[in-house]
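Visitor: This is the structure I want to talk about, given as structure tokens.
Derivation of every value follows stated rules applied to the coordinates shown; laboratory data play no part. If you're wondering where the values come from, they're calculated on a predicted model, not measured in any experiment. In this analysis, Cβ positions are derived from the backbone assuming ideal geometry, glycine residues included, and neighbour counts consider all displayed protein chains.
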Amino acid sequence: MRAITGIFILFAVALSVRAETGHELWLRKHKADPVKIIASGDSATLQIALHELQQGWQGKAGASVVLTVKPDESIRGDGYKLTTSGVQAKTELGILYGVYDLLRRQQTLQPIQEEVSNPSYERRVLNHWDNLDGSVERGYAGHSIFWRSGTDPLAVTEKDKALWREYARANASIGINGTVLNNVNASPQMLSSEYLSRVKAIADVMRPYGIRVYLSVKFSSPSLLGGLKTSDPLDSQVIQWWKNKVKEIYGLIPDFGGFLVKANSEGQPGPQDYGRTHAHGANMMADVLKPHGGIVMWRAFVYSPGDKDRAAQAYAEFMPLDGQFRDNVIIQVKNGPIDFQPREPFSPLFGGMKKTSVMPELQITQEYLGHSIQLVFLAPMWEECLQSDTYQEGPGSTVARATDGRLFQQKYTAIAGVANIGLDANWCGHHFAQANWYAFGRLAWDNGLTGDRIADEWIRLTFSPNPSEQPNALKTGDWLETFLTPVKDMMLQSREAAVNYMMPLGLHHIFAGGHHYGPGPWYAPKGMRPDWTPPYYHQADASGIGFDRTRGGSNAESQYHEPLASQFNDPATCPEIYLLWFHHLPWTYKMKSGRTLWDELCCHYEKGVLQVRRFQKIWDKVEPYVDAQRFAEVQSKLRRHYRDAQIWKDACLLYFQQFSRLPIPYDIERPVNDLEDLMKIDLKWSHHN
Ligand code: BDP
């Protein structure tokens with residue numbers, strides 16, 4: 001009898017959870033109570049704010065909300081103030097942001113009190129690596145929402161516009177106010193008049209939501225698209241070509257944001273092809289954009305093969321140019337000195353460049369963190385970077401403060417995130433990857449937020465039971481204890497888990513070539529650039545493992561301000577999370593735990609796999625609280641996640657063991673795959689991804 005009742009209850013709970021595809025993101029529809037709105041003005045942006053309140057009001061039924069646009073000393077930019085009667089802001093966009101905050105607080109049961117909220121960065125921008133044929137570089141969620149191939153690829157349909165509107169709304173709801181529509185490896189066609197007409201259509205949809213569009217441009221566009229003999233930034237015809245092009249763009253899109261440029265990087269053309277510097281190139285574009293109010297986001301992701309340590313190259317190339325850039329140029333710097341690895345120390349350009357605006361570039365798409373297969377919540381990684389102390393202006397000179405205008409004068413402040421969005425029904429490929437989009441927006445708005453707080457909010461918004469179906473779920477504590485707490489715990493551990501089973505203790509870039517998903521510490525095809533092969537990074541040999549970036553090695557540590565440089569330089573004081581980033585150490589090196597380096601590595605790989613194993617249990621246990629579709633999809637992804645974590649562990653331990661010649665400690669689970677087989681599945685990995 002008891003069993004039957006149990007089944008019945010489960011069934012009843014399951015019935016009350018409606019099927020969801022995940023398309024609604026963190027903006028799921030809930031039954032709203034009536035609300036009276038008092039607002040002056042009826043601009044498109046205010047209309048959206050009104051509509052959102054009517055659709056989503058969860059406060060007192062029949063309450064009045066006053067939306068007031070008026071200056072206030074405490075409000076900056078598109079910031080806002082929540083008051084007891086409603087929302088006050090300097091701009092209508094500020095009102096919209098305030099309304100989203102109000103609704104979010106209602107839905108997550110956070111207190112609503114008088115409070116000012118100002119954005120940390122003025123420009124909060126997604127970077128889409130979308131190609132004009134609809135493919136997405138490092139995209140794992142289907143094709144581009146902006147571009148497609150096939151017949152009549154440039155036709156703008158109602159369906160396109162509806163999707164772009166949903167996208168704009170989702171972004172506005174978390175404070176994102178800009179989007180770069182195409183890949184940094186840009187096609188010159190992007191600037192052709194045909195494509196610009198589609199950009200205009202996109203911009204028209206985005207505008208009421210406060211989202212400006214930007215474009216990635218190819219530096220050699222004047223030659224490739226304009227037919228000029230050169231694209232030399234100091235050539236008058238080239239400058240005139242850019243002037244005309246920019247005028248054409250602003251004629252179509254008066255609030256166009258500006259350009260994003262990847263130049264002299266990974267084979268892309270740039271000013272150095274004409275004997276000019278990055279400053280010459282960036283400033284030429286900045287001068288052309290300035291009269292229209294546009295900016296240039298110029299990327300510092302540069303490195304070339306040769307003797308110089310890749311990790312030290314961007315700093316070496318850009319530091320001498322500090323102070324030479326126009327005030328509407330922002331140097332876009334990846335969080336770490338190499339390339340969006342599972343863990344890197346922060347780039348020394350943060351805080352290093354003091355006379356130039358610098359903006360962090362984060363990668364939301366999980367190129368190096370499990371694509372859309374693995375559940376990896378990235379906010380803790382970004383928090384780690386933003387809160388890192390650069391010491392450039394004394395203790396407390398965090399990356400956050402060095403980039404948001406608090407430490408240095410910057411005319412513009414900005415932050416970028418490489419988007420993980422595609423045509424998949426749930427936008428991001430993995431339901432939990434939506435949390436990374438969400439987290440980027442929230443951190444761009446407030447770079448002091450913690451991963452914990454963001455995960456908490458996101459889970460409540462994305463998975464909370466519908467109040468009309470289970471009115472007290474959020475209040476009774478049961479849902480909080482049995483769903484929110486374990487799921488949040490899983491999210492907060494997930495990035496460290498990935499570091500553990502992929503690249504613990506400062507290891508980096510040991511992926512199989514090309515797809516960057518599976519392990520490939522052995523990957524070094526004959527004739528390939530050494531800096532594109534993992535042995536360049538791990539340096540494993542009989543004497544030990546790790547990249548020597550100390551004073552006796554590449555000396556990259558010297559790019560950090562004291563006391564960091566000395567701290568990193570000495571293995572005894574170097575944080576162990578960065579140990580093999582800065583040091584090549586013997587396999588028997590004694591770690592703080594008392595274990596040898598080899599044993600410690602084994603423990604980390606083991607731990608990572610066990611963590612994912614635990615995530616599976618956590619998820620299975622919350623089944624009664626999740627709609628069937630999202631539950632099953634996440635469950636299936638976690639199975640693959642676990643299998644692949646196991647492969648990472650086996651591949652790395654068996655491969656490195658060839659050099660260490662030491663046994664895997666006997667309290668550690670034995671590998672279950674053979675190295676020989678793992679080294680052959682490379683193709684299969686790429687096929688899968
Ligand atoms: C690397 C990606 C490559 C990008 C490059 C970039 O593998 O696809 O084009 O970064 O940021 O991580 O330019």
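Visitor: Grab the DSSP H runs of the chain that are 4 residues or longer, score each as -39,500 (n - 2.57), total them, divide by all residues and round the 222 nm result to the nearest 500 deg cm²/dmol. Provide the component values of the computation, followed by the final result.
Guide: Numbers: 23 runs with 267 residues, N = 689.
When only DSSP H runs of four or more count, the value is -12000 deg cm²/dmol.
Visitor: Over all directions, average the projected area of the Cα convex hull of region 503-637 and note it in nm².
Guide: Values: hull surface 45.9 nm².
Spelled out: convex hull of the Cα atoms, projected over all directions, averaged, 11.5 nm².
Visitor: So for 298, 522, fewest C-beta neighbours within 10 Å to most, what's the order? Write down the numbers at each step before the final one.
Guide: Details: 298 27, 522 18.
Fewest-to-most ranking of 298, 522: 522, 298.
Visitor: Under the definition of Cα pairs under 8 Å and six or more residues apart, what whole-number percent is the relative contact order of the chain? Each step should come with its number before you reach the end.
Guide: Details: 1337 pairs, mean separation 85.9, N = 689.
The value is 12 percent.
Visitor: Would you grab the residues whose amide H sits under 5 Å from the one on residue 517? Only those 5+ places off in sequence or on another chain, please, with H modelled 1.01 Å from N.
Guide: Here 512 satisfy the definition.
Visitor: Which of 338, 239 has the fewest other C-beta atoms within 10 Å, and how do the rest follow up to the most?
Guide: Ordered by Cβ neighbours within 10 Å, fewest first: 239, 338.
Visitor: Mind putting a number on the dipole of region 123-448 about its Cα centre? Charges go on the C-beta only, +1 for Lys and Arg and -1 for Asp and Glu, and I need it in Debye to the nearest 20.
Guide: Values: 32 positive and 32 negative charges, 155 e Å.
With only Lys, Arg, Asp and Glu charged at Cβ, the dipole is about 740 debye.
Visitor: Can you list the HN-Hα couplings for region 255-262, worked out from phi with the Karplus curve (6.51, -1.76, 1.60; θ = phi - 60°), rounded to whole Hz and with x for Gly and Pro?
Guide: Result, rounded to whole Hz: 9, 3, x, x, 10, 10, 10, 9.
Visitor: Could you tell me which residue out of 156, 102, 168 lies farthest along the dipole of region 44-186 toward its positive end? Charges go on the beta carbon: Lys and Arg +1, Asp and Glu -1, centred on the Cα centre.
Guide: Checking the options against the dipole of region 44-186, the answer is 102.
Visitor: So, one more: Check residue 362: other-chain or 5+ apart residues with amide H under 5 Å from its amide H, H built from backbone geometry?
Guide: The answer is 416, 417, 418.
Visitor: With a cut-off of 8 Å between alpha carbons and a minimum separation of six or more residues, what is the relative contact order of region 266-406 in percent?
Guide: Values: 186 pairs, mean separation 25.3, N = 141.
About 18 percent, as a whole number.
Visitor: Mind checking the dipole of region 12-148: about its Cα centre, +1 per Lys or Arg Cβ, -1 per Asp or Glu Cβ, Debye to the nearest 20? Don't skip to the end; give the middle numbers.
Guide: Working: 16 positive and 16 negative charges, 70 e Å.
The dipole magnitude comes to about 340 debye.
Visitor: A follow-up question, please. In terms of the ratio Rg/(2.2 N^0.38 Å) built on C-alpha atoms, what value belongs to region 31-117? Display every interim value, and only then the final one.
Guide: Numbers: Rg = 11.8 Å, N = 87, 2.2 N^0.38 = 12.0 Å.
This ratio for region 31-117 stands at 0.98.
Visitor: Among 47, 69, 93, whose Cα sits farthest toward the positive end of the charge dipole of region 31-117 (+1 at Cβ of Lys/Arg, -1 at Cβ of Asp/Glu, about the Cα centre)?
Guide: 47
Visitor: Can you tell me, using C-alpha contacts under 8 Å and at least 6 residues apart, the relative contact order of region 561-688 as a whole percent?
Guide: Numbers: 72 pairs, mean separation 27.0, N = 128.
Over region 561-688, the number comes to 21 percent.
Visitor: Right, another one. Take every Cα-Cα pair in the chain and report what % of them are more than 42 Å apart. Walk me through the numbers before you get to the answer.
Guide: On the way: 65206 of 237016 pairs.
The proportion of pairs with Cα distances above 42 Å equals 28 percent.
Visitor: Taking the Cα centre of the chain as origin, sum charge times position over the Cβ atoms of Lys and Arg (+1) and Asp and Glu (-1), and report the length of that vector in debye to the nearest 20.
Guide: On the way: 72 positive and 75 negative charges, 166 e Å.
Using Cβ point charges on Lys, Arg, Asp and Glu, the chain gives about 800 debye.
Visitor: Most exposed first by the Cβ proxy, i.e. fewest other Cβ within 10 Å, how do 490, 528 rank? Write out the running numbers ahead of the final one.
Guide: On the way: 490 24, 528 13.
Ordered by Cβ neighbours within 10 Å, fewest first: 528, 490.
Visitor: Give me P(r) over region 123-448, computed from all C-alpha to C-alpha distances, binned every 20 Å, as integer percentages.
Guide: The calculated distribution, bin by bin, is 34, 61, 6.
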